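A short reminder: the numbers here are calculations on the coordinates, not readings from a lab. What you see is a predicted model; the values in this text were computed from it and never measured. Cβ placement follows ideal geometry from the backbone for every residue including glycine, while neighbour counts extend to all protein chains displayed.
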């Protein structure tokens with residue numbers, strides 16, 4: 001840090017906050033350098049020994065990962081240890097080993113080069129997916145491959161916990177193995193140039209309660225070693241060389257957040273009930289079985305959405321077996337008891353997985369063969385999942401939910417398939433819940449418009465606002481040129497949502513919302529007023545939304561919603577809601593503005 005600080009030294013950068021909290025410390029730039037890999041031709045008589053050398057390094061890596069898993073299990077719990085169990089499974093996957101061994105044999109090259117080639121192929125496959133969770137598995141493949149390479153080359157592992165003083169780690173990227181070695185002290189936070197919200201590195205950071213920000217371009221080039229850094233995981237910002245006044249303000253924010261979070265967590269057993277006794281249910285969206293513990297911790301009343309897609313992604317070319325599905329779903333059912341767990345069937349396609357399954361490329365994959373459409377064309381794959389789901393229903397309160405349903409005929413077709421599977425299980429004497437509920441995602445405008453018809457065929461609805469907004473407003477939310485049109489409070493969308501909720505109430509079936517809209521306090525006010533009674537969200541958002549619900553009156557929310565429906569633009573609606581909130585119950589959103 002320079003001896004004389006000037007205002008020009010103060011720099012702020014924006015990224016994405018993936019682990020909440022505020023950390024203040026000195027920057028340490030971590031630049032990981034794996035030794036260069038060169039292509040070295042080998043002779044026929046050297047091939048067998050080279051394959052053996054590779055397999056021995058695999059075995060050593062697997063032993064290291066299992067040892068790390070045991071360490072994490074003792075210090076953090078089994079749910080986080082499973083991350084390294086998954087890494088060990090990649091190493092132990094016969095198809096992974098076979099691909100590298102075949103390259104060594106067929107191309108007569110050294111093991112390091114063959115490993116690097118297979119690593120690139122796998123990373124390219126994962127990077128091509130447009131699902132955030134699946135795309136972020138690139139880091140897991142990289143972590144495992146680098147461990148194997150280090151063992152091949154006989155290089156000592158770099159342990160970041162050896163750093164001796166309170167610091168903020170600044171890096172291009174960090175692997176789960178790096179992050180798991182972070183102690184609360186001396187490493188107090190980190191920031192990276194790349195990474196994702198659902199990466200295992202982000203998950204571990206949250207479990208360690210370590211503030212973290214990702215996605216800050218060129219971070220390692222614009223921060224110097226030993227500069228004073230503030231990492232704000234709430235806002236997703238990095239502040240370099242703050243003044244003493246700024247530091248004091250951030251320390252004050254830390255105290256306020258800690259007090260507020262403690263208060264919110266102490267309320268986790270309380271009902272999500274408005275001041276005038278209107279009861280709603282707050283549930284969790286998860287994609288990893290490890291997150292069940294987080295859902296319970298934050299007071300979720302069940303799992304409103306379990307995304308089953310990750311089961312279809314591995315280094316193996318084989319799709320998951322029925323037993324692999326069943327074991328996961330059974331754990332979910334037992335882990336969420338006595339509450340419900342809603343499991344959404346395979347929701348991939350387009351750029352995510354269709355090419356692997358279909359062997360062809362689509363011109364417009366978002367509107368093509370994906371989700372339920374893909375499953376119904378590949379029934380053997382789909383039946384494997386459905387059989388496992390029905391079997392697991394005997395062990396807990398499972399509901400099955402189908403994505404991207406556009407009409408009654410689609411729903412009837414998949415229900416017919418479920419009936420066929422029931423008959424198969426009956427013939428085999430395999431138990432299942434005969435009262436199993438089947439619901440659908442309402443995320444296509446056609447489904448929202450005919451919600452009254454679909455309500456006669458489905459046991460429940462879940463409104464998926466992420467896709468519903470995109471399809472209703474004809475925009476690509478990932479396209480920055482039109483992202484300004486992505487308006488959750490668009491009058492058309494609010495009318496569609498109200499129509500779905502009303503159709504559900506008339507038919508006597510529950511209606512939930514599991515898009516990002518459900519967790520926003522501002523949106524929650526109008527959604528409450530529209531009659532939504534089940535909100536499903538990221539587990540960590542539950543305490544804040546519960547505080548909002550318990551701070552408002554349902555009758556006030558209804559008035560706000562009724563007036564909002566008369567407005568002409570999303571901006572008018574948002575301004576009206578904010579003004580109404582500030583005037584009637586400002587304490588309801590206090591937790592958002594700490």
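Tabulated values for the structure
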{"item": "Percent of Cα pairs exceeding the 22 Å cut-off, where the set is the range 383-492", "result": "44 percent"}
{"item": "At R0 = 60 Å, FRET efficiency that the Cβ-Cβ distance of residue 562 and residue 98 yields, to 0.05", "result": "0.40"}
{"item": "Mean Cβ neighbour count within 10 Å, used as a protection proxy, ranking 548-560, 258-270 highest first", "result": "548-560, 258-270"}
{"item": "Computed label-point distance, nm, for sites residue 226 and residue 252 using a 7 Å Cα→Cβ extension", "result": "3.2 nm"}
{"item": "Listed peptides 371-377, 250-256 by packing density, highest first (mean Cβ within 10 Å)", "result": "371-377, 250-256"}
{"item": "Efficiency of FRET between residue 571 and residue 279 - r from beta-carbon atoms, R0 30 angstrom, step 0.05", "result": "0.40"}
{"item": "Mean Cβ count within 10 Å, highest first, over the residues of peptides 463-475, 568-580, 213-225", "result": "463-475, 213-225, 568-580"}
{"item": "Cα centroid separation, the range 226-277 to the range 463-539 (Å)", "result": "28 Å"}
{"item": "Residue 127 paired with residue 334, simple spin-label distance in nm, labels 7 Å along Cα-to-beta-carbon", "result": "4.0 nm"}
{"item": "Compactness relative to 2.2 N^0.38 Å, alpha carbon Rg of the range 275-593", "result": "1.01"}
{"item": "Computed over the range 275-593: relative contact order in percent, which uses C-alpha pairs under 8 Å that are six or more apart", "result": "18 percent"}
{"item": "Net length gained if the chain between residue 327 and residue 263 were fully extended (0.36 nm per residue, minus Cα distance)", "result": "19.4 nm"}
{"item": "Simple label model, 7 Å out from Cα along Cβ direction - residue 555 to residue 153, nm", "result": "7.1 nm"}
